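Peer 1: Okay, here's the structure, questions in a sec.
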Amino acid sequence: MTSSLDMVRARDGDTLDALIWRERNFGPADLPAVLAANPGVAALGPILPKGQPINLPAIAAPATAVRTDVLNLWD
């Protein structure tokens, strides 16, 4: 991303959590940052109006753990 915020528009019937998952694979832990980037969006209710602009902040992807200890039950 070239800026700290990207803007997307809500589709018909979108909820904020569905929109942020679809657009950026953001989960529940990212919702506070998205709400902070969109003052007043919570007052719109659970279903966003079609075409509502939503700013998506740049959020670093969490580091994924790599498991090296594999247990095979038949070994």
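Peer 1: Roughly speaking, what is the stretch gain from Met7 to Lys50, that is 0.36 nm per residue apart minus the C-alpha to C-alpha distance, in nm to one decimal?
Peer 2: Details: separation 43, 0.36 × 43 = 15.48 nm, distance 1.42 nm.
Computed gain between Met7 and Lys50 is 14.1 nm.
Peer 1: Cβ under 13 Å from Gly51's Cβ, Gly51 left aside: what net charge do those residues give with Lys, Arg +1 and Asp, Glu -1?
Peer 2: My count for the surroundings of Gly51 gives +1.
Peer 1: Taking only protein heavy atoms into account and a 1.4 Å probe, give the accessible area per residue of the stretch 1-53 in Å².
Peer 2: Heavy-atom accessible area per residue stands at 65 Å².
The values are calculated or read from the model by the stated rules, or taken from the named source; none is laboratory data. Everything numeric here is computed off the predicted structure, so don't read it as measured data. Because the Cβ atoms are built from the backbone with ideal geometry, glycine has one as well, and the counts that use them run over all protein chains shown. For the accessible areas, the whole protein counts, side chains as well, though only heavy atoms, and no ligand, DNA or RNA atoms are used. Shrake-Rupley method; radii C 1.70, N 1.55, O 1.52, S 1.80 Å.
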